[in-house]
Amino acid sequence: MNKILLVEDDEALGLAIEFSLINEGYEVVRASGVKEAKQQFDRDTFDLAILDIGLPDGNGYDLCLHFKKQNDSSVIFLTALDEEANVVMGLDIGGDDYITKPFRVKELMSRVKVQLRKQARLETSSVILTSENIKIDTSQVKAYKNHECIPLTNLEYKLLTAFMMNAHKALKRNEILLKITDGDDVFFDENTLSVYIKRLRDKIEHDPKNPQFIVTQRGLGYRWSKDVSKK
């Protein structure tokens with residue numbers, strides 16, 4: 001049985017979500033603030049966390065950072081804020097999904113199922129991708145450059161994996177977005193994607209201004225230009 005941590009300070013909404021999660025067969029631990037949630041994090045292991053961003057004693061961003069230090073399980077943010085900056089910030093620090101209030105509880109249940117399926121696939125699939133001095137170990141969900149771990153955000157890791165799994169293939173921007181979100185709702189536009197690709201280049205390329213791994217295909221999108229071995 002999957003165990004989910006729900007952090008929501010709105011009592012009525014929290015109870016409604018908790019009831020629906022239990023009805024779907026999940027074990028649920030509920031907290032109403034940052035301090036209480038951190039105590040739950042530290043004493044137990046969770047398969048997924050649903051975090052409200054606005055909390056009385058802090059915010060969901062801090063909780064996400066605390067959570068991700070301990071494991072790579074999924075995080076879904078609940079928020080009343082829909083500005084792109086807030087979306088990008090949540091995804092940048094390791095969030096996996098984002099739903100804006102008010103929302104239908106059934107929609108949240110669908111997103112929970114998607115994230116748990118992704119988690120299960122990561123746990124059962126194991127492959128090592130190597131391209132010159134860049135390596136991805138999917139069993140550890142980590143990437144390396146010259147044998148040193150590269151500090152990647154969740155989306156940067158997904159981007160790198162998508163490119164290396166499709167070496168030498170020109171990927172259109174919308175195709176890349178679909179690959180890194182597994183067909184879920186896309187929370188950022190193509191301009192934001194360009195920002196993420198620039199950040200990824202800064203971390204993996206010897207000379208980011210003259211990229212050798214992720215090259216731009218004019219009028220098409222991007223392509224991983226080096227050979228990749230899989231084992």
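Each peptide in 149-159, 168-178 gets a packing score, the mean of other Cβ atoms within 10 Å over its residues, and the list from highest to lowest is 149-159, 168-178.
Each stretch of four or more DSSP H residues adds -39500 (n - 2.57); spread over every residue of the chain, this sum gives -13500 deg cm²/dmol at 222 nm. The length gained by stretching the chain between Ser229 and Arg43 to full extension, at 0.36 nm per residue less their Cα-Cα distance, is 62.9 nm.
For the chain, the Cβ-based charge dipole about the Cα centre amounts to some 1280 debye (Lys, Arg positive; Asp, Glu negative; other atoms uncharged). The stretch between Ala12 and His147, if pulled fully straight at 0.36 nm per residue, gains 43.7 nm over its current Cα-Cα span. Here the stretch 1-60 is treated with +1 on each Lys and Arg Cβ and -1 on each Asp and Glu Cβ, and its dipole about the Cα centre works out to around 180 debye. Across the stretch 99-116, the residues whose backbone nitrogen lies under 12 Å from the label position 7 Å along the beta-carbon direction of Ser20 are 99-113.
Annotation: extensible slack from Glu190 through Glu205 equals 3.3 nm (criterion: 0.36 nm per residue apart, minus Cα-Cα distance).
So which helices of the chain fit the span-like rule, where a helix is a whole DSSP H run, its Cα atoms reach 15 Å or more along the axis, and its mean Kyte-Doolittle is at least -0.5? Within the chain the helices that satisfy the rule are 11-23, 154-165.
Protection proxy ranking, highest mean first, for peptides 35-41, 160-166: 160-166, 35-41, where packing is the per-residue count of other beta-carbon atoms within 10 Å, averaged. Using a Förster distance of 22 Å, how high is the FRET efficiency between Val105 and Glu36, based on the Cβ-Cβ distance and rounded to 0.05? Using R0 = 22 Å, I get an efficiency of 0.50.
Bear in mind these aren't lab numbers, they're just calculated from the coordinates by the rules spelled out. Small disclaimer: the values here were computed from a predicted structure and weren't measured. Note: ideal-geometry Cβ built from the backbone for every residue, glycine included; neighbour counts use all protein chains shown.
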